[in-house]
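Taking it in order: structure first as structure tokens, then the write-up.
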Amino acid sequence: MAELVLSWARDSIDTEKPRLDNLLEQVNILYLNKDNTLTDFKDINDERTKEEDDVREYKCIKKRHVVPQKDPVANVNSPMNGTVLKFNINPENPISPKEWLVIADYQTKDKTFMSLCMLNGDLAVLSIHCRTKAHSPPDSGSEAPDSPTTNGMTLERAVSLTPLASMTVPRCGFGLKVVNNKLFACGGYDRGECMKSTEIYDSQTNKWIPAADMSVPRGRFSTEIVQDVIYAVGGSNGQIEQKTVECYSYETNKWSTISEVAKAKVSQALVCVDNKLYCIGGCVGPNSVPDCEVYDPESKSWSKIAPLNTGRYQIAACYHKGLIYAIGGTDGWNVLGITEVYDIKTDKWVMGPSLNVVRRGAGCDIVNGKIHVVGGSDGSNSLKSVEILDNNNFILGSTMSIGRANVGVVSFNNRLYAVGGFSGKKFLDTFEYLDPKSEEWCSYVPAEEVQKAMKNGNAST
């Protein structure tokens, strides 16, 4: 892709008086033609196309990125005045004022690339963001493939140029739920420090907003939602395991401690069925346990149910078609790929289909009527891979842009979100979602949210 941008840039400047400021200091939106050439949207002459969302968004971006006019008399006394410094990739050869070269490029995010280049003899850094165009603009010289690609890379059409906002802090082993049509993240840990902070993501403004702190710092715990109230169970404050259960009300923006568990556990799974919370497995001290309990918020009481066949923690769990699925996890020694299925009516766990890849600390939820198991760790590496339960077998789905272990996963607006986690190198404050149309993971604001923001006069997206 960087080679195509260089080719477009070389053809776009005045060869007699080359000036790169307009290219380097502004955002440029380019269309990829079928013949693998690029066309600037400003060169599209069709009146109808000028009114399209892409072009209008381009105009807004251009207004925000006006190139300042340089004062010819400024800095006349600068010691560097009149001195031109050149860089050449091969210092033994004469410096070429016409050098156009991609020195290196690197994928920083999903469909985002940074490239170090020589542009007409100047060293420059290009930032490239990719998305699809549903049809070809007139006068582009293209026959409009439905999904233009280059070098095996699909360009996303259904997204904007705006990256999804990062959380205020990185979070790993935290709680994530949807409340009042917003993502709600709470607690977790960053480099071992457990947190009690919470924050809410509004997709229409693309902002994370702080909410009320939890009662105590909590990491390696689980959350569930019952009638718009979020429950946090167990976990650790970084020193001792927690027995308390607390809940959050969006209406009052307050956390309240409401109960205690019989046995303090960390890294247990939590699933809501018929307004009751099912707590599955977990870890007590150094030992994984098979114990399972159910909590009734009305009576504020716990009851034991059948234990797992295999004691484990860091399980991915969800309720689907009348059954509770407990997927993967670890027994403390081995990372597991097993699935156990619980029938509430019979109070029994039976073995289900195995994963293709063993994983602990994965997240899961339902999208398009199927269980999706996202990320996790195989014991050595944080995983990008996703597995989908289809006809009682797990098949591999689209991979994320980055590995995420102890990740928060939730289904919202027919999209599957993967938030935070640990990449294997750093704790993450970023998130991405599985686009239902392209079936690819994306880390840019959906185009529909931009359109909503434009209608509402919101400039943040």
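Can you put Tyr433, Tyr295 in order, fewest other beta carbons within 10 Å first? All intermediate terms of the calculation are to be shown ahead of the outcome.
Details: Tyr433 27, Tyr295 23.
Least crowded to most crowded, the residues run Tyr295, Tyr433.
Taking the Cβ of each residue in Lys300, Lys243 as the centre, tally the other Cβ atoms inside 10 Å and list the residues starting with the fewest. Numbers along the way, then the final one.
Values: Lys300 11, Lys243 14.
Fewest-to-most Cβ neighbours within 10 Å comes out as Lys300, Lys243.
A simple spin-label model places the labels of Ser398 and Trp100 3.3 nm from each other, with each point 7 Å out along Cα-to-Cβ. Model label points for Gln227 and Arg415, set 7 angstrom from Cα along the Cα-to-Cβ axis, are 3.1 nm apart. Please tell me which of these pairs span more than 28 angstrom C-alpha to C-alpha: Lys182/Lys426; Lys304/Lys425; Lys207/Lys321? As for pairs spanning more than 28 Å Cα to Cα, those are Lys304/Lys425; Lys207/Lys321. Computed extension gain for His320 through Ala124, at 0.36 nm per residue and net of the alpha carbon distance, reaches 65.4 nm. Within the shell of other residues whose beta carbon sits under 15 angstrom from the beta carbon of Gly337, the net charge comes to -1, with Lys and Arg scored +1 and Asp and Glu -1. Amide H contacts for Thr223 (H built 1.01 Å from N in the peptide plane; partners 5 or more residues away or on another chain; cut-off under 5 Å): Leu176.
Once the C-beta distance of Met114 and Asn368 is scaled by a Förster radius of 41 Å, the resulting FRET efficiency is 0.75 to the nearest 0.05.
Nearest 20 debye, what's the magnitude of the dipole of region 244-327 about its Cα centre given +1 on Lys and Arg Cβ and -1 on Asp and Glu Cβ?
Numbers: 8 positive and 8 negative charges, 51 e Å.
Result for region 244-327 is approximately 240 debye, rounded to the nearest 20.
Rounded if a/c is under 1.5, else prolate if a/b beats b/c, else oblate: with a ≥ b ≥ c from the C-alpha gyration tensor eigenvalues square-rooted, which is region 257-338?
On the way: a/c = 2.35, a/b = 1.33, b/c = 1.76.
Oblate, since a/c reaches 1.5 and b/c is not below a/b.
Which FRET efficiency value, to the nearest 0.05, do you get for Asn253 and Ser166 by plugging their Cβ-Cβ distance into 1/(1 + (r/R0)^6) with R0 = 22 Å?
Values: r = 22 Å, r/R0 = 1.01.
Calculated transfer efficiency: 0.50.
Database remark: amide H of Gly421 closer than 5 angstrom to the amide H of Arg171, Cys172, Gly173, Gly408, Leu428 (H placed geometrically; neighbours at sequence offset of 5 or more, or on other chains; Pro and chain starts carry no H).
Panel order for Tyr342, Tyr319, by other beta carbons found within 10 Å of each beta carbon, from fewest to most: Tyr319, Tyr342.
None of the figures in this text is laboratory data; all of them are computed from the coordinates on show. The structure displayed is predicted, hence computed values, not measured ones. Note that we place each Cβ from the backbone using ideal geometry, even for glycine, and neighbour counts take in every protein chain shown.
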